[in-house]
Amino acid sequence: MKISDYIEQSFANLWRKKLRTFLTTFGVVIGIGALVSMISFGKGVQKNITDQFKEMELFNYISVSASSSSRGNHHDPDEQPSAEDEYLAPQSIGVSEPNILDDTFIRKVTQLKGVESAFPEVRFPAMIRFKGKEEFTFIQVLPAYICQSELMKLRAGESYTSDDANSIIISDSMLRRMRIKNHQDVIGQEVELSTLTLNFNFLNLANIASLTVGRSDPNSRSVNKLPFASKKYTFTIVGVAERMGFGGAIPLRSDVYIPPGPSQRMEKLSLTSIWDFFQSPGRIKGYSSVSVRVSSAKYIEPVKKQIQSWGFKTFVLLDQLEEMKKAFIIMDMFLFAVGMIAIVVASLGIINTMVMSILERYKEIGIAKAVGASDRDVKKIFFFESGMIGFLGGVFGLILGWVVSMIINLIVNSIASRQGVPYVNYFSFPWGLCLGAVVFSIFVSLAAGIYPTMRAARVDPVVALRHD
């Protein structure tokens, strides 16, 4: 017999019992549909994260920070330098002090091959007041060219074009916290920022003693009884940015952004690191961290090693990609295991259907073997039948999984859109997944048909012909 003959006969045999064939195939459809939906969700999460990182070129960034020991230690000039101190000496990299992230370091690192730019990550606490509402947040200082790049996605307005502009960009999440829904309405309006500064008038023995005993002198002439003072500044909102959230861009970590020029003129208290409280008065204070952008991912490793040889710590998102892949594999395995529960149930249905088919066609099998059909021919007939169930279940299961996934994706996005969250495709159906689903369904059906097929091949034609 030809393969086409086996397929035609399989269809004819399955068509005899339409309801039973439909129910068995539908069980496979549900199993494959559930498996496809779960795996496509895992693939969709992976694709969204990796595509977003690649689109924003986040794999091209190196976050550089000084070690805590270098930020907190102040070397005695009479102390003999150790071998490590000599290795990390200022003259080796041309900076003013060892392990200090200052402007000299930024100029030096931008001279490395493959480095496009470097800028400090400056953040400070402030109270933002807008339309009679107040919110505490961290202000981040960003150069204009960073705001104009693909890293920042604007929902309304535009980015500031100058580092000296008295402009501010606010995130949509901050506006939601202030219960402001229309982003376009805030463009061009003024907002007030209140920063914290140290009140040195407070730092005298009388005030410290009054706090120690829990009381203060009402006749004291101190200007301010608090250790902190507040300074107010007015900015103009020029843009509304999308809050990146988890997995967002490395340089963008706040809800409010201002240019470097106004930041330098502001009196503020930077609390980005606890070591900021322990800086020596005469010591040059460096930045907490610096973001270094390279032109291509191939320069990440050499630039990172060079920076580390200078005594700085580095963080590269590309190094975390392997860990992310391991997490994705674990998630895929978990989703696959859950989907396999439905597949196992469907395979039991296939076994039951095939066994019932053998019992109903017992005499037919005996006649076929009596006229010359071999055990191999009988096995092929039932293998094709079980494989046909798997093929139909795989195709329609793939369609069912796609339809259910699209419905879920539509419902989730409609709910998220009310919160201002942009449309996201949470499911992904690559060709490998679609083809693999059908092949896997056929394989499972063939595996489920092994026992019924072996049982059919063992039928004795003499006994079968006597069977009523």
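Residues in region 98-122 that are buried (at least 19 other Cβ atoms within 10 Å of the Cβ) and more than 30 Å from the chain's Cα centre (by Cα) were compared, and the one that is modelled with the highest pLDDT is F105.
Where strands (runs of 3 or more DSSP E) fall entirely within region 233-342, those with at least 1 residues that are modelled with pLDDT under 85 and surrounded by 17 or more Cβ atoms within 10 Å (Cβ to Cβ) are at 289-294, 312-316. So, S159, is that one assigned to a loop (DSSP other than H, G, I, E, B), surrounded by 14 or more Cβ atoms within 10 Å (Cβ to Cβ) and at pLDDT below 85 or not? So S159 fails the test. For first residues located in region 1-15 and without any contact (Cβ under 8 Å) to a residue 12 or more places away in the chain, partners that are part of a helix (DSSP H, G or I) and lie 6+ apart or on another chain with Cβ distances below 8 Å form the pairs W15/T21.
Is one or more of the residues making up region 367-382 under 15 Å from W15 (Cα atoms) and either in a helix (DSSP H, G or I) or at pLDDT 80 or above (or both)? Yes, there is a match, as at least one residue in region 367-382 is under 15 Å from W15 (Cα atoms) and either in a helix (DSSP H, G or I) or at pLDDT 80 or above (or both).
Restricting attention to region 416-441, the residues being in a helix (DSSP H, G or I) and within 20 Å of the chain's Cα centre (by Cα) number 2.
Taking (1) part of a strand (DSSP E or B); (2) at positive phi in turn, R179 satisfies each apart from (1). Looking across region 135-154, just one residue is surrounded by 15 or more Cβ atoms within 10 Å (Cβ to Cβ) and acidic (D, E), and that is E135. May I ask you to verify whether V395 is in a helix (DSSP H, G or I) and over 30 Å from A156 (Cα atoms)? Answer is yes for this residue. Being surrounded by fewer than 16 Cβ atoms within 10 Å (Cβ to Cβ), modelled with pLDDT under 80 and over 30 Å from the mean Cα position of the chain (by Cα) is the requirement here; does L196 meet it? No, not satisfied.
The values are calculated or read from the model by the stated rules, or taken from the named source; none is laboratory data. Values in this document were obtained by computation on a predicted structure and should not be read as measured data. All Cβ positions, glycine included, derive from the backbone under ideal geometry; neighbour counts span all protein chains shown.
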